[in-house]
1. Are there any helices (runs of 4 or more DSSP H) wholly within the stretch B:353-440 with 2 or more residues that are among the aliphatic types (A, V, I, L, M) and surrounded by 18 or more Cβ atoms within 10 Å (Cβ to Cβ), and if so which?
2. Quickly run through the stretch B:102-143 and pick out the residues that are polar (S, T, N, Q), part of a helix (DSSP H, G or I) and farther than 19 Å from B:Tyr175 by Cα.
3. Select from the stretch A:275-302 the residues that are aliphatic (A, V, I, L, M), surrounded by 18 or more Cβ atoms within 10 Å (Cβ to Cβ) and in contact with a Pro (Cβ under 8 Å, 6 or more places away or on another chain) and list them in ascending order.
4. For B:Trp360, state whether it is over 25 Å from A:Ile188 (Cα atoms), touching a residue at least 24 places away in the same chain (Cβ under 8 Å) and within 9 Å of chain A (Cβ to nearest Cβ).
5. Residues B:Tyr390, B:Tyr355: which one is modelled with pLDDT under 90, touching a helix residue (DSSP H, G or I) at 6+ places or on another chain (Cβ under 8 Å) and not aliphatic (A, V, I, L, M)?
6. Give the stretch A:447-486 a look and list any residue that's modelled with pLDDT under 90, of a type in the set (Phe, Trp, Tyr) and not in a helix (DSSP H, G or I), or say none.
7. Select from the stretch B:423-471 the residues that are within 14 Å of chain A (Cβ to nearest Cβ) and at pLDDT below 90 and list them in ascending order.
8. So, in the stretch B:300-339, of the ones that are in a helix (DSSP H, G or I) and out of contact with any Leu (no Cβ under 8 Å at 6 or more places or on another chain), which residue ends up surrounded by the fewest Cβ atoms within 10 Å (Cβ to Cβ)?
Amino acid sequence: MILVWLILIPFLGGLLCWQADRWGEQAPRWIALATMLFVLVISLWLWVTGDFAFPQGAQNQWLLEWRTSWIPRFGVEVHLAIDGLSMILVALTGFLGALAVLCSWHEITHRIGFFHLNLLWILGGVVGVFLALDLFLFFLFWEMMLVPMYFLIALWGHSGSPGQTRIRAATRFFIYTQASGLLMLVAILSLVFIHFGNSGEWSFSYDVLRRADVPEAMAPWLMLGFFVAFAVKLPVVPFHGWLPDAHAQAPTAGSVDLAGILLKTAAYGMLRFGLPLFPEESRAFAPVAMTLGLIGIIYGAVLACGQQDIKRLIAYTSISHMGFVLIAIYSGSELAIQGAVVLMVAHAFSSAGLFILSGQLYERIHTRDMTIMGGLWGRIPALPGFTLCFVAASLGMPATANFVGEFMILFGTFPTAPVVVVIASAGLVLAAIYSLILMQRVHFGPVYRQGALAGPDWREYIMMLSLLALVILVGLYPQPLLDITAGLSASIAELFAEGSLADVAGEVR
Amino acid sequence: MLTTADLVTVLPLIIVASTAVIVMLGVAWRRNHAVTALVSAAGLVLGLLALPLTFPATSSPPLMQVDGLAVMAGTLVLVSALVTVILSHHYLTGYIGPKEEFYLLLLCATAGALALVASDHLAMLFISLELLSMPLYGMLAYSFRAERSLEAGIKYLLLSAAATAFLLFGMALIYARTGYLDLAGVAGALVQAPDAWMLAGAALIVVGLGFKLSVVPFHLWTPDVYQGGPAPATIFLATVSKLAVFVVLLRLVLAAPFFSSEWLQTLITVLALLTMLGGNLLALFQANLKRLLGYSSIAHFGYLLVAIVVGNALATETTGVYLITYLVTTLAAFGVVTLVSSPFGGEDADGLPVYRGLFWRRPYLAAVMTVSFLSLAGIPLTAGFIGKFYVIALGVADSRWWLVGGVVAGSAIGLYYYLRVMVTLYLPEPGMRRRDVTNDWGSRIGGLTLMALAVVILVLGIYPAPMIDWVQGLSGLTN
């Protein structure tokens, strides 16, 4: 039941925020903050009390499970479960959710209650995605979180250059993700009908459909249906068109959520559904996926170098970082998949940090255009230092979490795909270039305008210091993360290594 | 010879028809808007209550067949008509001129729809279709002092007449080949493969009904008529009329096998694809809400045509579920337009700018509209998603990949304009406010009905199991 509450708390908190508007400006903010901290505390409590030492190949990989019938006509169930990976990501959602509330404390000044309603509903939907095991339920949350995100960008976003309005960006985001989601729905339904044809039993259950016997002619198409939906959200390069605009136009809280959590739902979907449902097809598809990952790394990095809008720059770096995650997922190596999890967490921290910093800069100098920044190092206390730290994390400096993730990914992928690793390493050099460009243009160089600006207040210090502490903590001691995801990555690596054998074993069992 | 059992079977129809007579006599005796509306509503509720008595049918009255499909469609017809009556009362309060005849027309058309969904004979089909259409001319042209309304009435009249001609010609061809007019006879007389005359007859019937369903390319009348007609008449046209015609088309396909011959299936597939894409594309840049909803309803019936192409038990179930979700959604969306345009004051408030910033003035009304548009777009947790889920499932189950692709592409295109309308509701107000609902809208019955509809949309989206059970039970009993 605790899993149901994890999902319900943000939704109820959101409704409360909406109504709390009438009790004054601060009420919705405090309620939203308390809600997200509550989610964080619950997930951390589960983490501390949970036992994640699964023996390899254990029958039940779930720490907690909750299921009840929902639409018996099609065998749809409300089936929630949590394991190490979901746990990490739910905790991350709680943490970044709280940060998103904090960073919009001064930024959002109108319709505060409705803003927090949308913010919390996104987070509720994301938690749902991380917990749902029934494919219908998963799809439901997957699509549902788009609506509040749309409103967040369309109503509280910034309008960029003429013709690039926030509504356009929001609409594009919505259409990209919704249309690709429908392809996933078609794939899910095909899977269900194939299973129904074979066994005469309706089910959307993950465990049941994993054992569905898909005809060979169909399987690659179904796999592609899932892949495209996840690829749009990750994003993988030909499907990335929505991302820079959505990031640039979104309010800070929206960018933090998008980069920190929403992109992670895609990687999560691949790890949880894409690979286990179609191990053989995924293995056959791996070279293509890795190539796409490589293209993403290079393309994102090169385009990041040429950006003038600071948030667009960070958005393109996300594409680059997610390229590493994609390569790791399809490498099928246990080490690389664990690295992908670490990099996902690390990227959530570092990109959230950078987005919050750019939001804070915007509050002070009212621009995101890097060509008219310059020389801020001497004008603002503390913020440039923090920027340097997060930039260092983003370029993968040792002792930051990003380094651990990227190192593990490259190291783990090398035995299976050395060429890919060699090219991907070049991406690290580009990462250094765009990170330094960001630092140089914003904080060093010629001073564009004189006058000191306000330093961070206690709220901003708390956000920055907590993020920084986590980046360094995970960078120096990633073992807790590795421990609780070991079971999952091992089982995926196993599936990948002997896709056909695992299928047979599943049927025998 | 009619027996008592026969009379019980057609009881809802009798009740609705007698209500129409009572309303007519009442108008002749003394005009009173509120009483007329109340009597009409009471008649419809009584008809609704009488529906369970008719089923399972103990008899089969001549020309009619009261099976699961008819009862299901009858329920939907009566509920939609009831909502229309409630909204009409709200709308017509400020109308200068006789108000009461609107209800008379509405009741006659409802009786036609009830007979249509149960018709088992081509003659019955034709008569009830005309009974449904004729009062609609009057309803659409009701506020005839407004030029657009008159234009809408005339346009619908002319195109309906054309459609009727197609329909009659098709029936004549089929009668000429088989010598039967009842569906069972037509189906039975056909032992070998249908020849060109039969196919031509069937195609002409499809075209005739396609006019009423505004299937592309027979849709040209739709936007003008939707825009011009008074809002309650448009609601009736978009819900009751379309629903009844669709059900009878499905009945033809289920009863007469030659409708599912390959050539006709290809024809309907092409029409369905054109309708899905055409409806959505034409709606993209509409600034008029009623026209936009008109195009949107074209697209929705394009999705639903998948059921006609497939034509099996699951298709009947899909039709039921989709029609329910479409009805509650459309009633809510048009209901908001009606309420904002009430009381009647010349042209309806259907320009998009009128709705700008509605959320900050009327949060609950805007919430109703948002929910209904999310449902039209088929977003999860709303009823519309369940409908779309069924259509895609049906296409996948029958491996109609072209149609599935069309539904997906159409939905993606459709999002653009649904989102555009939705976000308009939340944009800051430009300061000019031309039309607005009355302050007490939320405590009046029209407003309460709308909020109830919004709740129903959400409940059906979150817990659809009872609806699915009901539809599945009834469609299992369809002959």
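1. Ranges flagged: B:363-377, B:383-397, B:401-426.
2. Selection gives B:Thr110, B:Ser133.
3. Of everything in the stretch A:275-302, just one residue is aliphatic (A, V, I, L, M), surrounded by 18 or more Cβ atoms within 10 Å (Cβ to Cβ) and in contact with a Pro (Cβ under 8 Å, 6 or more places away or on another chain), namely A:Leu292.
4. On the way: over 25 Å from A:Ile188 (Cα atoms): yes; touching a residue at least 24 places away in the same chain (Cβ under 8 Å): yes; within 9 Å of chain A (Cβ to nearest Cβ): yes.
Taking the combined requirement at face value, the residue satisfies it.
5. Exactly one residue qualifies, and that residue is B:Tyr355.
6. Hit for the stretch A:447-486 is A:Tyr448, nothing else.
7. Scanning the stretch B:423-471 gives B:Val423, B:Thr424, B:Leu425, B:Tyr426, B:Leu427, B:Pro428, B:Glu429.
8. The qualifying residue surrounded by the fewest Cβ atoms within 10 Å (Cβ to Cβ) is B:Ala313.
The values are calculated or read from the model by the stated rules, or taken from the named source; none is laboratory data. None of the values given here were measured: they were computed from a predicted structure. All Cβ positions, glycine included, derive from the backbone under ideal geometry; neighbour counts span all protein chains shown.
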